[in-house]
Amino acid sequence: MNGKLRVGIIGAGGIARSAHIPNYQNYGDGVEVVAVANHNKDKAADCAQEFSIPHAYEDYRDMLREMELDAVSICTPNAFHAEQAIDSMQSGCHVLCEKPPAISSCDAERMEEIANHTGKHLMYGFHFRFRPEVETVKRFIDEGEMGEIYAAEAKWNRRRGIPGWGVFTNKELQGGGTLIDNGIHMLDSALYLMGYPEPKTVLGVTYDKIGKRPGVGLLGEWDHENFSVEDMARGMITFQNGASLLFESSFAANIAEKDDRVLKVMGDHGGADVFPLNMYQEKHGTLLDLTAPYVDKGNAHKEMVHHFVDSILAGKETNVHANQGTLVQRIIEALYESASTGEAVEM
Ligand SMILES: NC(=O)c1ccc[n+]([C@@H]2O[C@H](COP(=O)([O-])OP(=O)(O)OC[C@H]3O[C@@H](n4cnc5c(N)ncnc54)[C@H](O)[C@@H]3O)[C@@H](O)[C@H]2O)c1
């Protein structure tokens, strides 16, 4: 790499504009977003103009061929992640790919293989790991303050939060609904805190009771006629090391809370509720509450993008590993399989 890190963006929609582009641009002198590609050329051109990006492309392959990029952010619907990530790595780029890795575990495995083969970073957009609450609990766990983490709970339920834009309710383009979209963040955060143990058995159930009816909520009015994904997913995962994880997420459910995230880890010497942060620890035979009066709200998307750039510039591994993306994708696939067969999946 000579001079600045040259970054290209694939997909000029919501997350590219709100999280990726601004956070490359506020990194400082070491980085420049030099091109953006979107299969709709006007959208690419609008985005380039809004963010003063010098080049706009309709076909990301032309961008990869012509722009001598060092890194790429992939911000397209889930069905395109694998092909675009693989093409980008094979063109010599490090990749920050939005979550989920892909829509199948085969694709995620292939992406991991190409990352290993090319030696390029393949980092996924699991930005919750960069929330100060998650980082704090992770430090306590890594220092052994909570003992062995043997149980966890990961939930993200929205009362009425079915996305009213994009393709989030299109199974073919997204691979699923709430589980693979918002649920994956809590699943990844729980697995991260648990040390990404190897799964043993996965039991899942999904529902689509609300999305197929007309409605409006937190994220606008949804397209009930073409709603082809689940609006609720629930599951239980057991791991080879004996640990277990309860999971639940919804785009819509008849509950009191508008947007409710629960992330709990339980160890044999301590535990934590992550949102909001409260930790518990046994000391000298007594269980104590540990409160942190000052928890910075942070900006997890900014931390994530800056961490990706820092890792490239320093030649260090990112803290989101491609094999973790593959593992979470395998679990998601097993939850869907179990929901469709009604049987638990042995991993
Ligand atoms: N980490 C997060 O907080 C977060 C939040 C929202 C979305 N996401 C993820 O980001 C991705 C995009 O979501 P979004 O909200 O930006 O959606 P969006 O619909 O706002 O934007 C997607 C963009 O990709 C473009 N596009 C579609 N197919 C393309 C192709 N084949 N090649 C190039 N461009 C193409 C669309 O025209 C659109 O501009 C999804 O994978 C989603 O899961 C992550």
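The values are calculated or read from the model by the stated rules, or taken from the named source; none is laboratory data. Just so we're clear, the structure is a prediction, and the values are computed from it rather than from any experiment. No Cβ is skipped: glycine too gets one built from the backbone with ideal geometry, and neighbour counts run over all protein chains shown. Side chains are part of the model used for accessible areas, which takes the heavy atoms of the whole protein and leaves out ligands, DNA and RNA. Shrake-Rupley method; radii C 1.70, N 1.55, O 1.52, S 1.80 Å.
The residue that is nearest to Gly270 (Cα to Cα), among those in the stretch 142-162 that are open to solvent by 10 Å² or more (accessible area, probe 1.4 Å) and within 16 Å of the ligand (Cβ to nearest atom), is Trp156. Checked against (1) among the aliphatic types (A, V, I, L, M); (2) away from the ligand (no atom under 12 Å from the Cβ); (3) in contact with a Leu (Cβ under 8 Å, 6 or more places away or on another chain), Ala48 passes all but condition (3). The single residue among Glu257, Glu221 that is in contact with a strand residue (DSSP E or B) (Cβ under 7 Å, 6 or more places away or on another chain) and open to solvent by 60 Å² or more (accessible area, probe 1.4 Å) turns out to be Glu257. Restricting attention to the stretch 225-256, the residues that are among the aromatic types (Phe, Trp, Tyr) and outside any strand (DSSP E or B) add up to 2.
Okay, residues lined up against (1) crowded, with 22+ Cβ neighbours inside 10 Å; (2) in a loop (DSSP other than H, G, I, E, B); (3) among the aromatic types (Phe, Trp, Tyr); (4) within 16 Å of the ligand (Cβ to nearest atom):
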{"site": "Met111", "(1), (2), (3), (4)": "yes, no, no, yes"}
{"site": "Leu187", "(1), (2), (3), (4)": "yes, no, no, yes"}
{"site": "Tyr196", "(1), (2), (3), (4)": "no, yes, yes, no"}
{"site": "Gly204", "(1), (2), (3), (4)": "yes, no, no, no"}
{"site": "Lys209", "(1), (2), (3), (4)": "no, yes, no, no"}
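Taking only pairs six or more apart or across chains, which ones have beta-carbon atoms under 9 Å, a first residue in the stretch 300-313 that is over 10 Å from Gly30 (Cβ atoms), and a second residue that is part of a helix (DSSP H, G or I) and open to solvent by 50 Å² or more (accessible area, probe 1.4 Å)? Qualifying pairs under 9 Å: His301/Ile15; His301/Ser18; Glu303/Glu135. Within this structure, Ile162 fails the test of being within 16 Å of Ala252 (Cβ to Cβ), touching a strand residue (DSSP E or B) at 6+ places or on another chain (Cβ under 7 Å) and free of Cβ contacts under 8 Å to residues at least 60 places away in the same chain.
For Tyr336, are the conditions met, namely being without any contact (Cβ under 8 Å) to a residue 40 or more places away in the chain, open to solvent by less than 70 Å² (accessible area, probe 1.4 Å) and in the same structural domain as Val216 (by TED's automatic domain parsing)?
Values: without any contact (Cβ under 8 Å) to a residue 40 or more places away in the chain: no; open to solvent by less than 70 Å² (accessible area, probe 1.4 Å): yes; in the same structural domain as Val216 (by TED's automatic domain parsing): yes.
Taking the combined requirement at face value, the residue does not satisfy it.
For Gly164, the conditions (1) modelled with pLDDT of 95 or more; (2) touching a Phe, Trp or Tyr at 6+ places or on another chain (Cβ under 9 Å) are fulfilled apart from (1).
The set of residues from the stretch 115-140 being within 14 Å of the ligand (Cβ to nearest atom), open to solvent by 20 Å² or more (accessible area, probe 1.4 Å) and of a type outside the set (D, E, K, R) comprises just one member, His127.
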